[in-house]
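What follows is a short report on a single structure.
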Amino acid sequence: MNILNNGRFGLGAGAAGAMKELLRLTAQHANTRKQFGKLIREFGLVKEKFGKIAVRAYAMEAMAYLTTALIDGGRKDCQAEAAICKIYGSESLWLSVNDCLQVMGGAGYMRSYPFERQMRDSRILLIFEGTNEILRLFIALSGIQGPAEHLKALAPALKSPLKHKDDLIAELQRRAARLYAPPQFEGVHSRLSSSSAKFSRLVASFGAAVDGAVAKYQKNIMGEQLVLKRIADITIDLYGMAAVLSRATKTLSAEGEESAAAEHEALLAEAFCAEAAVRVNENVAGLNSPKKTTDGAIGKIADTVLDAGKYVAKHPLGF
């Protein structure tokens with residue numbers, strides 16, 4: 001498992017390096033290619049791609065540094081963190097290659113550029129060292145062990161509330177404190193206080209959602225793969241938020257807020273946190289209200305297609 005862990009967080013770090021090189025090569029094209037009398041770097045839709053790739057690369061680097069710091073610090077179990085690096089790195093690189101190829105246009109298909117090769121080569125990263133689907137289940141099932149054991153220990157109090165009223169009161173107080181006075185992420189630079197506060201709130205809402213999911217599904221949660229996927233995706237985003245806030249704080253503290261480099265990192269961290277928060281809130285809502293998601297409909301559609309072995313929908317012209 002340690003060998004696999006090394007491969008997984010190393011893959012994530014390598015993906016960050018690949019994204020940085022792709023940015024460099026694509027920037028050369030965007031800085032010289034003109035359309036409609038303007039350099040294509042001036043167009044908003046092109047800028048969006050460069051910005052998103054830079055945010056992904058920064059987040060992946062931050063996660064890789066954080067994970068290796070945990071390992072170098074003597075932490076023996078970093079399986080979940082390594083899996084997070086592998087998933088985020090491989091999927092971010094795949095998205096980034098696609099964005100760069102889009103900026104390059106038809107030239108991206110030419111073998112004189114590395115983009116078509118990179119697209120083919122990067123796709124395997126989502127498969128080897130453990131498929132991302134399996135790793136998501138691993139992250140989620142590893143993470144819910146603690147909440148599951150806590151709820152199991154609370155079972156006697158739920159069965160005999162009068163006999164264990166002190167335990168129930170303590171549990172209610174714990175949950176109220178988590179929701180209304182969540183622990184703050186300490187040590188974050190004041191420049192990033194808004195993102196830090198957002199992180200603390202998301203951690204609290206995630207904890208409550210996980211408790212609810214474990215209580216609802218109990219042992220059957222092992223078979224609820226779409227629920228586990230949401231738990232894993234939230235975990236990945238929260239780990240990424242912690243990593244970028246930590247990294248940006250170090251730069252801000254070392255160079256000062258007036259530094260252009262520190263300001264750039266602050267913007268990268270804030271952009272990642274803002275986008276991650278949207279994803280986390282959506283996934284928490286899905287955990288809390290699964291009937292409001294499309295999970296059930298998607299499952300039924302898939303069963304119909306698989307039973308028929310083909311696309312099933314009548315042509316609008318009756319063919």
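The values are calculated or read from the model by the stated rules, or taken from the named source; none is laboratory data. No experiment lies behind these values; they were computed from the predicted model shown. Neighbour counts run over all protein chains shown; Cβ positions are idealised from the backbone, glycine included.
Things to note:
- Pairing residues of the range 140-159 that are over 15 Å from K216 (Cβ atoms) and aliphatic (A, V, I, L, M) with residues that are part of a helix (DSSP H, G or I) and at pLDDT 85 or above, at Cβ distances under 7 Å and at least 6 apart in sequence or on separate chains, gives L141/M222; L141/L228.
- Checking the stated criteria, A302 turns out to be more than 27 Å from G207 (Cα to Cα) and small (G, A, S).
- Residue satisfying all of: in the range 42-94; among the small types (G, A, S) and not in a helix (DSSP H, G or I); modelled with the highest pLDDT among these: G73
- Scanning the range 182-197 for residues that are surrounded by fewer than 21 Cβ atoms within 10 Å (Cβ to Cβ), assigned to a helix (DSSP H, G or I) and in contact (Cβ under 8 Å) with a residue 60 or more places away in the chain yields R191, S194.
- Subset of the range 103-124 (residues that are assigned to a loop (DSSP other than H, G, I, E, B) and either within 23 Å of Y88 (Cβ to Cβ) or not assigned by TED's automatic domain parsing to the domain that holds A15 (or both)): P114
- The single condition among (1) over 16 Å from R279 (Cα atoms); (2) touching a Cys at 6+ places or on another chain (Cβ under 7 Å); (3) charged (D, E, K, R) that E265 does not meet is (2).
- Checked against the criterion of being assigned to a loop (DSSP other than H, G, I, E, B), over 25 Å from the mean Cα position of the chain (by Cα) and free of Cβ contacts under 8 Å to residues at least 12 places away in the same chain, the range 170-180 contains not a single residue that satisfies it.
- Residue within the range 220-229 that is modelled with pLDDT under 95 and either buried (at least 18 other Cβ atoms within 10 Å of the Cβ) or more than 23 Å from the chain's Cα centre (by Cα) (or both) present: yes
- Restricting the range 304-319 to residues that are among the small types (G, A, S) and in a loop (DSSP other than H, G, I, E, B) leaves a set whose member that is modelled with the highest pLDDT is G309.
- A single entry from I301, I234 fulfils the requirement of being over 30 Å from A181 (Cβ atoms) and modelled with pLDDT of 95 or more: I301.
- Residue match in the range 20-30 (condition: of a type in the set (A, V, I, L, M) and free of Cβ contacts under 8 Å to residues at least 24 places away in the same chain): yes
- From the options A64, A59, A83, residue that is over 15 Å from G7 (Cβ atoms) and either crowded, with 24+ Cβ neighbours inside 10 Å or assigned by TED's automatic domain parsing to the domain that holds Q35 (or both): A59
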